[in-house]
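Let me begin by presenting the structure, written as structure tokens, before commenting on it.
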Amino acid sequence: MKQIKFGIAGYGKMGRIREESILNSSNAKLMSIYEVSDYSHNDKSTVQCNSFDELLKTDIDAVIVSAYVSVAADYAIRALNSGKHVFCEKPPSMTFKEMQEIIKAEKKANKVLKYGFNHRFHHSVMEAKKVIDSGDLGKILWMRGVYGKAGSIDFNDNWRNYKNYSGGGILMDQGIHMLDLFRYFSDSEFRCLNAHLTTLFWNIECEDNAFLTLKNKNNIVATLHSSATQWRHKFLLEMEFENGYINLDGILSSTRSYAPETMTIGRREFEDITFAMGKPKESTTYYEYDESWDLELEEFINAIYGINPIKNGTSNDSLEIMKLVDFIYKISKVNSKQGLNDN
């Protein structure tokens, strides 16, 4: 099969990560880049474009959109309309309405559209999904997620904290990954019971903390705290079942600042009321490699080849996520007007 020719729109941190995955794949080739800021590129055969329209006119089959969220929907729609396959980073759009417009373009173009929720491709997450789907632990009872970052001395200046570029704060940045994992592990949609979004520390216009309580049709309650005032990088997802629990603690990244990545499975055994209560049998697995970026690209390319459809990061995944996110921001504003938030 021929190599898929790629163009990258947005050559910041994520654009460079995606470039590395293209270089790691024998089925992909980078042809062109469009970036609004000054940058240098070692491979002079890669066309450096001065506009997104110029990128679309280069010899490419697919576009990776890794630009500001404010242009994600526009770029995705224009790429689809020009007959290109599209792989777009999360957040997928600024609003639910924008996501609806993208799906209209997707249906009309009949091209592959995938969104970058790479956490589904971490080995701990994939193994946990297998355990859950086996039914060995029984039904999920509840989930509790924490996703936090240390912030940095220049955090105030990060583009993600400007709503006109990002659409929102820590909820859109990190919390959206955890919302997607709630959906992924439970195979169902959630509605938000309560949301408290607040700016506790940083001098920014977006939220630096998000506290959420969610529930789905199967009465699974999920809580999320996503924070930019964690003062350390932290990822933790606890899931309780009828017969035990799964804890995903840590997640690998290029800096390994969220490491180690582990999966602990506990089982309801030895429940002797005299000595063994609260001491379930546990097993912990450590994961040393992050292949999520390469695996995501592989799924995208296989869908273009017609081998398998997109299963992770579909347009419907993104539609449901943005529907939920829009509602969360809406009820948070309502709470704020009623004096329940302290923004």
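Derivation of every value follows stated rules applied to the coordinates shown; laboratory data play no part. In this text the structure is predicted, and so the values were computed from the model without any measurement.
Relative to the present Cα-Cα distance, how much length would full extension add between Asp133 and Tyr162 at 0.36 nm per residue of separation?
Values: separation 29, 0.36 × 29 = 10.44 nm, distance 3.94 nm.
Gain on stretching Asp133 to Tyr162: 6.5 nm.
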Pairwise centroid distance, computed over Cα atoms, of region 120-134 with region 176-232, Å: 21
Multiply the residue gap between Lys108 and Met1 by 0.36 nm, knock off their C-alpha separation, and tell me the result in nm, one decimal place. 35.9 nm
Across the chain, how large is the tail of the calculated P(r) beyond 25 Å, expressed as a percent of all Cα pairs? 55
Rg/Rg_globular for region 4-111, with Rg_globular taken as 2.2 N^0.38 Å and Rg from C-alpha atoms: 1.01
In sequence order, what are the phi-derived ³J(HN,Hα) couplings for region 36-45 according to the Karplus relation 6.51 cos²θ - 1.76 cosθ + 1.60 with θ = phi - 60°, rounded to whole Hz, with x for glycine and proline? 6, 8, 5, 7, 10, 9, 5, 8, 6, 7
Of Ile301, Ile153, Ile310, which is the most mobile in a GNM of the chain whose springs link Cα atoms less than 10 angstrom apart? Ile153
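Shape call for region 89-244 from the C-alpha gyration tensor, a ≥ b ≥ c root eigenvalues: rounded (a/c under 1.5), prolate (a/b greater than b/c) or oblate?
On the way: a/c = 1.84, a/b = 1.19, b/c = 1.54.
Taking the square roots of the gyration eigenvalues as a ≥ b ≥ c, region 89-244 is oblate.
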When DSSP beta bridges are limited to those with both residues in the chain, what percentage is antiparallel, rounded to the nearest 5? 60
Hydrophobic long helices for the chain, i.e. whole DSSP H runs reaching 15 angstrom or more by Cα along the axis with Kyte-Doolittle mean at least -0.5, come out as 69-81, 123-134, 176-186, 292-305, 315-337
CD proxy at 222 nm, helix term only [per DSSP H run n ≥ 4: -39500 (n - 2.57); per residue of the chain; nearest 500]: -10000 deg cm²/dmol
